Amino acid sequence: MDGTGRWAASRGLPVAEGHREGARALRRTVEAALELGIESLAVYAFSTENWSRPADEVESIIELMDETIDRELPDLARQGVRTRFFGRRDRVPDDVSEADIAAHLYAPELPDPDLVIRTSGEQRLSNFLLWQSAYAELVFDETYWPDFGEDRLRAAVEEFASRGRRFGAR
């Protein structure tokens, strides 16, 4: 979910309004994912780097997250959506296997993503599920997150479906 601040700036609005519109885009995108039969959707809402933003912006983002959780989660749960929050975990030992690493990642019970969609035209993962995304297909969308919705999700899924996935093979 990237580009909320730039979306607001491009419209002459305060950055907090971009974040609020981003919350609305999240609901639209979850609804669209349900309609498309997508079984697992991971959304990166706040990175560790975001803590370095101005204190008032961080505070407004946290408040918006709390409001959105209170308002949206009960209805989404009634629709069968399971919500998991994942974040910083304790450090793992130095001598570990791939299975050990996978077991200590955020939300280890979730499947690795097949598709990662990055909004706002940025072409990087920004620390989002790096290990789990090793074989994910990446779609970079110019749309700022607050304008993202069913049409853009559908286009990304169609682009994903048109690709031949080889997982490192020929």
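The values are calculated or read from the model by the stated rules, or taken from the named source; none is laboratory data. These numbers were taken from a predicted model, which means no experiment stands behind them. Virtual Cβ from ideal backbone geometry, glycine too; neighbours counted across all protein chains shown.
Just to be sure before I move on: is R163 modelled with pLDDT of 80 or more and surrounded by fewer than 16 Cβ atoms within 10 Å (Cβ to Cβ) in the structure I sent?
Working: modelled with pLDDT of 80 or more: yes; surrounded by fewer than 16 Cβ atoms within 10 Å (Cβ to Cβ): yes.
Spelling it out, R163 is indeed modelled with pLDDT of 80 or more and surrounded by fewer than 16 Cβ atoms within 10 Å (Cβ to Cβ).
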(Q) Within the stretch 116-149, take every residue that is more than 20 Å from R27 (Cβ to Cβ) and touching a helix residue (DSSP H, G or I) at 6+ places or on another chain (Cβ under 6 Å) and give me the one that is modelled with the highest pLDDT. (A) V139
Q. What is the number of the single condition among (1) out of contact with any Gly (no Cβ under 8 Å at 6 or more places or on another chain); (2) at pLDDT 85 or above; (3) among the small types (G, A, S); (4) on the phi > 0 side of the Ramachandran plot that A107 does not meet?
A. (2)
(Q) Just the residues that are part of a loop (DSSP other than H, G, I, E, B) and within 12 Å of the chain's Cα centre (by Cα), please, taken from the stretch 4-52. (A) S40, L41, A42, V43, Y44, A45, F46, S47
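Which one is surrounded by the fewest Cβ atoms within 10 Å (Cβ to Cβ) among residues in the stretch 40-56 that are free of Cβ contacts under 8 Å to residues at least 24 places away in the same chain and within 16 Å of T83 (Cα to Cα)? Talk me through it step by step, then tell me what you get.
Let us first name the residues in the stretch 40-56 that are free of Cβ contacts under 8 Å to residues at least 24 places away in the same chain, namely 41, 46, 50-56.
Restricting the remaining residues to those that are within 16 Å of T83 (Cα to Cα) gives 41, 46.
Details: L41: 19, F46: 14.
The qualifying residue surrounded by the fewest Cβ atoms within 10 Å (Cβ to Cβ) is F46.
Yes/no matrix, rows are residues, columns are (1) modelled with pLDDT under 80; (2) assigned to a helix (DSSP H, G or I); (3) more than 18 Å from the chain's Cα centre (by Cα); (4) surrounded by 10 or more Cβ atoms within 10 Å (Cβ to Cβ):
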{"position": "M65", "(1), (2), (3), (4)": "no, yes, no, yes"}
{"position": "R71", "(1), (2), (3), (4)": "no, yes, yes, yes"}
{"position": "D75", "(1), (2), (3), (4)": "no, yes, yes, yes"}
{"position": "T83", "(1), (2), (3), (4)": "no, no, no, yes"}
{"position": "I101", "(1), (2), (3), (4)": "yes, yes, yes, yes"}
